[in-house]
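Asks: Before I ask anything, let me first share the structure, which is written out below as structure tokens.
The values are calculated or read from the model by the stated rules, or taken from the named source; none is laboratory data. In this text, all values refer to a predicted model and were calculated from it rather than measured experimentally. For neighbour counting, all protein chains shown are included, and Cβ atoms are generated from backbone atoms with ideal geometry for every residue, glycine included. Keep in mind that these areas ignore ligands, DNA and RNA; they rest on the heavy atoms of the full protein, side chains included. Shrake-Rupley method; radii C 1.70, N 1.55, O 1.52, S 1.80 Å.
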Amino acid sequence: MIIDPAIGTLVLAAIALLFASAAVHKLRDPARFEAVFAAYQLLPAAVSLRVSRLVPVLELLVAAGLAVKASRPYAAALGILLLSGYAAAIAVNLRRGRRDLACGCGGPTDRRRIAPWMLWRNGLIALGATAAFATWADRSLSLTDGITLVFGLLTIALVYLC
């Protein structure tokens, strides 16, 4: 399957925006994110603290890496790995019956509780990231494509926020 570069760029730009936004939220209040991360009770406390500090750095690497053609597949693979890890953490805690945990995905002040639909959301975003591995049509982006990308990205961001 060959992807049009405007569509591929739009999908990966939306995912990059998501990861950049997630990282900024975590970096704005690292202590709050450390507490949210630790509440999942998946790692020993000392390890949990180190990993929670690493997560926003990895998210920024995904966002930046998706913007550069040479690093795009590596960034997409890291993004898929992070999304899978987040989904696994949610799934484990849902299975434990711990539905009162904050998901940690909406920023330091968001108290959205984990839910099964988040597993599907992460899976769909991970599926979108596979666009980085697909063959893209060999054509340059035009001014029309640029306008489409800007308004498409704004639309995707607004829909995601809803």
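Asks: So between TYR160 and VAL47, what do we pick up on full extension, going 0.36 nm a residue minus the alpha carbon distance? Write out the running numbers ahead of the final one.
Replies: Numbers: separation 113, 0.36 × 113 = 40.68 nm, distance 3.16 nm.
Going from the current span to full extension adds 37.5 nm.
Asks: Accessible area per residue of segment 1-139 at 1.4 Å probe, in Å²? Please report the intermediate quantities before stating the final value.
Replies: Details: 7630 Å² over 139 residues.
Per residue, segment 1-139 has an accessible area of 55 Å².
Asks: With point charges of +1 on the Cβ of Lys and Arg and -1 on the Cβ of Asp and Glu, referenced to the Cα centre of segment 53-147, which listed residue (THR135, LEU61, LEU94) lies farthest in the positive direction of the dipole?
Replies: After comparing all options, I get LEU94.
Asks: Then there is this: Tell me, what % of the accessible area of the chain is carbon and sulfur with a 1.4 angstrom probe?
Replies: Working: 6620 of 9490 Å².
Carbon and sulfur together cover 70 percent of it.
Asks: Using 1/(1 + (r/R0)^6) with R0 = 25 angstrom and r between the beta carbons of ALA39 and ILE3, what's the FRET efficiency to the nearest 0.05?
Replies: Numbers: r = 39 Å, r/R0 = 1.55.
Given R0 = 25 Å and the Cβ-Cβ separation, E is 0.05.
Asks: Hey, another quick one. Want the number for THR148 to SER84: 0.36 nm per residue separation, take away the alpha-carbon distance, what's left? Walk me through the numbers on the way to the answer.
Replies: On the way: separation 64, 0.36 × 64 = 23.04 nm, distance 2.98 nm.
Taking 0.36 nm per residue and subtracting the Cα distance, the gain is 20.1 nm.
Asks: Looking at the P(r) of segment 37-127, how many percent of alpha-carbon pairs lie beyond 21 Å?
Replies: Distances greater than 21 Å cover 34 percent of the Cα pairs.
Asks: Still on this structure, I have one more. Looking at the chain, do any whole DSSP H helices span at least 15 angstrom along their long axis by alpha carbon and average -0.5 or above on Kyte-Doolittle, and which?
Replies: Working: long enough: 5-28 (33 Å, 1.53); 45-66 (32 Å, 1.59); 72-95 (34 Å, 1.10); 117-129 (18 Å, 0.83); 143-161 (27 Å, 1.95).
For the chain, where a helix must reach 15 Å along its axis and average at least -0.5, the hits are 5-28, 45-66, 72-95, 117-129, 143-161.
Asks: So, one more: Please list, in order, the residues from segment 24-48 whose amide nitrogen is less than 18 Å from a point placed 7 Å along the Cα→Cβ vector of ARG96.
Replies: 33-48
Asks: Something else now. What does the highest-first list of 120-131, 135-146, 47-58 look like by mean Cβ count within 10 Å? If you can, show how the numbers build up before the last one.
Replies: Numbers: 120-131: 17.2, 135-146: 10.7, 47-58: 15.2.
By packing density, highest mean first, the sequence is 120-131, 47-58, 135-146.
Asks: Here is a further query. Note down the magnitude of the dipole of segment 69-162 about its Cα centre, charges +1 on Lys and Arg C-beta and -1 on Asp and Glu C-beta and zero elsewhere, to the nearest 20 debye.
Replies: Details: 11 positive and 4 negative charges, 99 e Å.
So the magnitude is around 480 debye.
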